[in-house]
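Please read the structure below before turning to the comments.
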Amino acid sequence: LKADFVLANPPFNDSDWRGALLKDDKRWVYGVPPAGNANFAWVQHFIHHLAPTGLAGFVLANGSMSSNQSGEGDIRKAIIEADLVDCMVAMPGQLFYSTQIPVCLWFIARDKKNSRFKDRRGHVLFIDARKLGTLIDRVHRELTAEDIGKIAETYHAWRGEKDAGKYEDVPGFCRAAAHEEVASHDFVLTPGRYVGAAEVEEDDEPFKQKIKRLTAALEEQFADSAKLEQAIRTNLKGLGYG
C-alpha cells in the first residue's frame with residue numbers, strides 16, 4: 001500500500017510489540033526502533049506506506065518529541081534531516097478518558113515542495129495548542145470547534161493552500177523554524193521551545209494603585225477564608241467531632 005493520506009491514533013509507548021523479532025524489517029530506514037517502545041516503529045511504518053506526495057497525521061505521546069532513550073533521538077534526527085516533518089502540534093492535557101498521558105500531533109509530508117502549494121523545505125511548523133480547550137469536568141477537556149479551526153487554519157495557511165490566507169508567526173502559539181534551529185535544540189520537536197512567549201498586553205494601571213487594589217482583594221479573601229473555617233469547625237462540632 002502507498003497511501004496519499006494516513007490518519008492514525010496508534011497505541012502510545014507500546015512495550016509489548018515484539019520489536020526484537022522485527023529488527024531487520026525493511027521499514028526501519030531511519031533507525032531500528034527500540035524493542036521496549038513502538039512509537040518510532042509506528043512513525044516509520046506510516047512513512048513507509050506514504051505515496052511520493054503523501055501526507056500523514058497521527059497522535060503520539062509527548063515523549064516522542066524529545067526522547068533520546070534507546071536510539072529514539074537518532075531516529076527522530078534522521079527523519080527531520082530527511083525533511084519529512086512538516087508540522088508538530090502540542091495538545092492540551094486531559095483530552096482522553098482512557099489515559100492522562102499528554103499527546104502531540106505529528107504531520108509528515110513526503111514532498112514539502114509540492115507544486116500545488118508553497119515550498120516548505122528545510123522548515124518545520126510548530127504549534128503550541130496547550131492552552132486551548134475547555135474543561136467539561138474535573139478530569140476531561142474538550143477542544144471547541146473554534147479551537148480545532150484555529151489549529152487547522154494555521155496549518156493550511158502554512159502549507160499555502162488556496163483560500164487559507166497568509167501564514168504568520170504568532171508569539172506563544174505558532175512559528176516556522178528552520179532545520180538549523182531545530183538542530184541547535186538537539187532535534188527536539190517540542191513546540192514550546194520554538195514559539196516563544198505570547199505578547200503581554202500593556203498595563204496602564206500605576207503600580208502603587210495596583211498593589212493597593214490587590215492587597216485589599218487579598219484581605220477580603222483572608223476574611224472569607226476565616227469565616228469558612230469557622231463555619232466548618234461549627235458544623236464538625238455539631239456532628240460531635242469538634
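Here are a few things to note about the model shown:
- Of all residues making up the stretch 123-163, the number that are farther than 26 Å from Ser98 by Cα, modelled with pLDDT of 95 or more and either loosely packed, with under 12 Cβ neighbours inside 10 Å or polar (S, T, N, Q) (or both): 1
- Across the stretch 31-53, a minimum of one residue is classified as of a type in the set (Ser, Thr, Tyr), within 25 Å of Ile151 (Cα to Cα) and touching a Lys or Arg at 6+ places or on another chain (Cβ under 7 Å).
- Residue match in the stretch 174-186 (condition: surrounded by 11 or more Cβ atoms within 10 Å (Cβ to Cβ) and part of a loop (DSSP other than H, G, I, E, B)): yes
- Against the list (1) in a loop (DSSP other than H, G, I, E, B); (2) crowded, with 19+ Cβ neighbours inside 10 Å, the condition Ala41 fails is (1).
- Ile80 surrounded by fewer than 20 Cβ atoms within 10 Å (Cβ to Cβ) and more than 16 Å from Ala177 (Cβ to Cβ): no
- Of the residues making up the stretch 136-166, those that are touching a residue at least 24 places away in the same chain (Cβ under 8 Å) and farther than 21 Å from Leu95 by Cα are Trp158, Arg159, Gly160, Glu161.
Let's see how each residue does on (1) modelled with pLDDT of 95 or more; (2) more than 21 Å from Thr154 (Cα to Cα):
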| position | (1), (2) |
| --- | --- |
| Lys26 | yes, yes |
| Thr53 | no, no |
| Gly73 | yes, yes |
| Leu105 | yes, no |
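- Considering Pro33, Pro92, Pro102, the condition of being touching a residue at least 40 places away in the same chain (Cβ under 8 Å), open to solvent by less than 10 Å² (accessible area, probe 1.4 Å) and closer than 29 Å to His140 by Cα is satisfied by Pro92 alone.
The values are calculated or read from the model by the stated rules, or taken from the named source; none is laboratory data. All values reported here derive from a predicted model rather than from experimental measurement. Glycine also receives a Cβ, built like all others from the backbone with ideal geometry; neighbour counts cover every protein chain displayed. Each accessible area value is taken on the protein alone, full model and side chains, heavy atoms only, with ligands, DNA and RNA left out. Shrake-Rupley method; radii C 1.70, N 1.55, O 1.52, S 1.80 Å.
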